[in-house]
1. Check which residues have an amide H placed less than 5 Å from A:SER85's amide H, if you skip close sequence neighbours.
2. Given the Cα atoms of the stretch A:4-111, and with Rh set as the inverse mean 1/r over their pairs in the Kirkwood sense, what is Rg to Rh to two decimals?
3. If the only charges are +1 at each Lys and Arg Cβ and -1 at each Asp and Glu Cβ, what is the size of the charge dipole of the stretch A:4-111 around the Cα centre, to the nearest 20 debye?
4. As I understand it, the dipole of the protein assembly as shown uses +1 on the Cβ of Lys and Arg and -1 on the Cβ of Asp and Glu, about the Cα centre. Which of B:THR54, A:ASN53, B:GLN85 lies farthest toward its positive end?
5. Would you mind calculating the relative contact order of chain A from Cα pairs under 8 angstrom and at least 6 residues apart, reporting the percent as a whole number?
6. At 0.36 nm per residue, minus the direct Cα-Cα distance, what do B:LEU22 and B:LYS9 gain on full extension? Give it in nm, one decimal, please.
7. Just to check I understand the Karplus step: with θ = phi - 60° and J = 6.51 cos²θ - 1.76 cosθ + 1.60, what whole-Hz values come out for the stretch A:19-31, glycine and proline as x?
8. Any idea what the relative contact order of chain B is, in percent, if you count C-alpha pairs under 8 Å spaced at least 6 apart?
Amino acid sequence: GESVGLHLPTLSVQEGDNSIINCAYSNSASDYFIWYKQESGKGPQFIIDIRSNMDKRQGQRVTVLLNKTVKHLSLQIAATQPGDSAVYFCACSWGGSYIPTFGRGTSLIVHP
Amino acid sequence: NAGVTQTPKFRVLKTGQSMTLLCAQDMNHEYMYWYRQDPGMGLRLIHYSVGEGTTAKGEVPDGYNVSRLKKQNFLLGLESAAPSQTSVYFCASTGQGAETQYFGPGTRLLVL
């Protein structure tokens with residue numbers, strides 16, 4: 001079965017720094033990857049996604065990098081702000097299955 | 001457009017009691033899901049539905065039942081609550097042809 005893991009359970013950064021959150025997946029058939037942000041007491045919210053035919057995608061202050069060779073995904077947040085403090089989940093799916101597998105989450109703590 | 005809503009927000013049950021969690025979405029989404037979230041465990045899929053009148057088991061279905069009588073609603077039932085079912089429950093939905101999930105705000109359940 002699929003397993004999706006995150007390398008660090010907690011990441012602490014200073015306001016203004018760039019943050020990098022990593023994720024590894026095991027199923028080489030995975031072709032769709034999503035990052036979600038979950039603030040305290042709320043449900044996960046979509047941040048950015050990427051398909052397997054791409055290796056990089058940029059949004060507003062966020063970039064997702066996909067390395068299919070080593071089955072690794074990362075989320076980069078530029079100029080991290082206190083409002084970015086949250087738990088970040090990666091999720092992956094394959095073949096349009098609509099049943100994603102979620103990682104366990106990394107808690108990002110931004111210090112002012 | 002309310003998105004995905006969940007009722008109730010918080011509930012305390014005694015062991016053996018039953019209850020139903022309601023999820024509603026107003027985005028005309030085909031797919032709906034129930035997850036539970038426990039500390040350090042990420043999101044685990046309980047049951048899901050690929051359309052009105054259909055349901056399927058997820059990763060951790062035991063002790064739960066679901067129904068999708070209307071397209072916009074997905075009900076999660078606990079027939080005889082156990083302390084192990086203390087958790088935060090999230091409902092999500094996805095539209096046909098899309099893979100990004102939209103999550104509700106969660107229901108916090110405490111079983112004593």
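The values are calculated or read from the model by the stated rules, or taken from the named source; none is laboratory data. Being a predicted model, the structure only gives us computed values, none of them experimental. Cβ coordinates were reconstructed from backbone atoms using ideal geometry, including for glycine residues, and neighbour counts include every protein chain displayed. Surface accessibility is based on the protein's heavy atoms, side chains included, excluding ligands, DNA and RNA. Shrake-Rupley method; radii C 1.70, N 1.55, O 1.52, S 1.80 Å.
1. Hits under the 5 Å cutoff: A:VAL110.
2. Rounded to two decimals, Rg over Rh is 0.95.
3. 240
4. Of the candidates, B:GLN85 comes out farthest on the positive side.
5. 37
6. The span from B:LEU22 to B:LYS9 would gain 3.7 nm if fully extended.
7. 10, 10, 10, 10, 8, 10, 10, 10, 8, 5, 7, 4, 10
8. 36
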